[in-house]
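Peer 1: My questions will all concern the structure given below.
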């Protein structure tokens, strides 16, 4: 299971690539997940209301790894522990990391903050589509 961070979506958009097309193989395989924070971060930055609506439809198809009470508690513990080690991470990154950890997902992100999260399975690049 893969949870794709907002940095990946945003980088794809900046490179004029459609995230829906790039991530289609993960969605079709059932391996793609999203958390609400990523959805919010991506959608709030889209300028075109028409494209925002299209991306909302895409996100509606992606199974959610919910930000439940266990994820919030895990984010609290991560933040508390890392703060005491001098590593202060943004709240959004703590929640995304906790979501991935709690749901057993590999996080795909190029955000340097995630490398500081103990036990997080992290990939910096999207997996290539498998050949049929």
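Peer 1: Compute the long axis of helix 69-84 from its Cα atoms, compare it with the longest principal axis of the Cα atoms of the chain, and write down the angle in degrees, 0 to 90, nearest 10.
Peer 2: That helix lies at roughly 60 degrees to the long axis.
Peer 1: Further question on the same structure: Would you calculate, for the chain, the mean residue ellipticity at 222 nm contributed by helices, counting each DSSP H stretch of 4 or more residues as -39,500 (n - 2.57) and dividing by all residues, to the nearest 500?
Peer 2: -16500 deg cm²/dmol
Peer 1: Something else about it: Can you sort 11, 5, 111, 93 from fewest to most other Cβ atoms within 10 Å of each residue's own Cβ?
Peer 2: 11, 111, 93, 5
Peer 1: With an 8 Å cut-off on Cα pairs and a minimum separation of 6 or more residues, tell me the relative contact order of the stretch 2-123 in percent.
Peer 2: Worked out over the stretch 2-123, it gives 31 percent.
Peer 1: Here is a follow-up. Report, to the nearest 10°, how far helix 49-61 tilts away from the longest principal axis of the Cα atoms in the chain, using its own Cα long axis and a range of 0 to 90°.
Peer 2: Once rounded, one gets 70 degrees.
Peer 1: Please list, by residue number, everything in the stretch 57-75 whose backbone N is under 16 Å from a paramagnetic label point 7 Å out along Cα→Cβ of residue 87.
Peer 2: So the set is 74-75.
Peer 1: To the nearest 10 degrees, how steeply does helix 19-29 sit against the main Cα axis of the chain, on a 0 to 90 scale?
Peer 2: Its long axis makes an angle of about 80 degrees.
Peer 1: Additional query: Please build a GNM for the chain, connecting alpha carbons under 10 Å apart, and tell me which residue among 50, 115, 105 fluctuates the most.
Peer 2: 50
Readers should treat all values here as calculations from the given coordinates under stated rules, not as data from a laboratory. The model shown is predicted, which means the values in this text are computed figures rather than measured ones. Neighbour counts are summed over all protein chains in view; Cβ atoms, including those assigned to glycine, are modelled from backbone coordinates with ideal geometry.
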